[in-house]
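The values are calculated or read from the model by the stated rules, or taken from the named source; none is laboratory data. Here the structure is a predicted model, which is why all the values come from computation and not from measurement. Here the Cβ positions follow ideal geometry from the backbone for every residue, glycine too, while neighbour counts run over all protein chains shown. SASA here: full protein model, heavy atoms, side chains in, ligands and nucleic acids out. Shrake-Rupley method; radii C 1.70, N 1.55, O 1.52, S 1.80 Å.
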Amino acid sequence: MKRLAIFASGNGSNFEVIVNANLNCEICLLVCNNRNAYVLKRAKKLGIDYKVVEDEEEILKVLANYSIDLVVLAGYMKIFSPSFVNKFERRIINIHPSLLPNYRGLNAIERAFNSGEKEIGVSIHYVDSGVDTGEVIASGVIQVGENDSLEDVEKKVHELEHFMYPKILEEIL
Ligand code: GRF
């Protein structure tokens, strides 16, 4: 069984959905770079080990200690150095709330909504050393309704993320 580490910095709804999906792997660890993140509470509740670490050298040690095969980013707000990415080539996966290559980077849903996009989406991709530039593995689309507010659209996007991420991870595994 592959050994996974999930990286998150904030809320952690994707983390929780992945843990609860009973994928064909061992979810060994949450790595978090924010000691106040709500995702830490979720890890405690779910009985998943967690480490709050920021430094890449320390992260590498933790990943080695846990013999991690695959790194899954779920709202992890930090860009890895090229050397870190090279060590885990095609073994780091991210989810981004846009139809890549459109709207890379922060506040993607809001920017797409404010640009009047009628279709907004979710992309799951391998991580390279750019910001949301790695090869796309899968994407999904939601329609923006005539009367949808930004909050409505965000809700639809997050629901799609929660459906897609476990499903695509299972396929990758
Ligand atoms: C998600 O929208 C994900 O696409 C983006 O960060 C958000 C994380 O949400 N990378 P959560 O912390 O899983 O609730």
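Can you find a residue in segment 42-65 that is of a type in the set (S, T, N, Q) and open to solvent by less than 70 Å² (accessible area, probe 1.4 Å)?
Checked against the condition, which is being of a type in the set (S, T, N, Q) and open to solvent by less than 70 Å² (accessible area, probe 1.4 Å), segment 42-65 yields no hits at all.
Among the residues of segment 2-13, write down those that are near the ligand (Cβ under 10 Å from one of its atoms) and open to solvent by 20 Å² or more (accessible area, probe 1.4 Å).
Keep residues of segment 2-13 that are near the ligand (Cβ under 10 Å from one of its atoms), which gives 6, 8-13.
Listed by number, the residues that qualify are Gly10, Asn11, Ser13.
Find the residue count for segment 17-31, including only residues that are open to solvent by less than 30 Å² (accessible area, probe 1.4 Å) and not aliphatic (A, V, I, L, M).
Result for segment 17-31: 2.
Can you confirm whether Arg42 is within 11 Å of the ligand (Cβ to nearest atom), in a helix (DSSP H, G or I) and either under 30 Å from Leu150 (Cα atoms) or modelled with pLDDT of 95 or more (or both)?
Considered against the rule, which asks whether it is within 11 Å of the ligand (Cβ to nearest atom), in a helix (DSSP H, G or I) and either under 30 Å from Leu150 (Cα atoms) or modelled with pLDDT of 95 or more (or both), Arg42 comes out as yes.
Just to be sure I understand, how many residues within segment 116-173 are of a type in the set (Phe, Trp, Tyr) and surrounded by 14 or more Cβ atoms within 10 Å (Cβ to Cβ)? Give the derivation first.
Of segment 116-173, the ones of a type in the set (Phe, Trp, Tyr) are 126, 163, 165.
In the following step, the residues that additionally are surrounded by 14 or more Cβ atoms within 10 Å (Cβ to Cβ) were identified as 126, 165.
Matching residues across segment 116-173 total 2.
What's the number of the condition Phe84 fails, among (1) open to solvent by less than 40 Å² (accessible area, probe 1.4 Å); (2) of a type in the set (Phe, Trp, Tyr); (3) touching a strand residue (DSSP E or B) at 6+ places or on another chain (Cβ under 8 Å)?
Of everything listed in (1) open to solvent by less than 40 Å² (accessible area, probe 1.4 Å); (2) of a type in the set (Phe, Trp, Tyr); (3) touching a strand residue (DSSP E or B) at 6+ places or on another chain (Cβ under 8 Å), Phe84 misses just condition (3).
Would you point out the residue of segment 19-39, among those that are assigned to a helix (DSSP H, G or I) and of a type outside the set (S, T, N, Q), that is nearest to Ala8 (Cα to Cα)?
Residue satisfying both the conditions and the ranking: Val39.
Taking the condition of being among the polar types (S, T, N, Q) and under 17 Å from the mean Cα position of the chain (by Cα), how many residues in segment 23-71 meet it? It would help to see each step written out before you state the result.
Of segment 23-71, the ones among the polar types (S, T, N, Q) are 24, 33-34, 36, 65, 67.
Going one step further and asking which of them are under 17 Å from the mean Cα position of the chain (by Cα), we end up with 33-34.
Of the residues in that region, 2 qualify.
Can you list the helices (runs of 4 or more DSSP H) lying wholly within segment 74-173 that have 2 or more residues being touching a Pro at 6+ places or on another chain (Cβ under 6 Å)?
108-114
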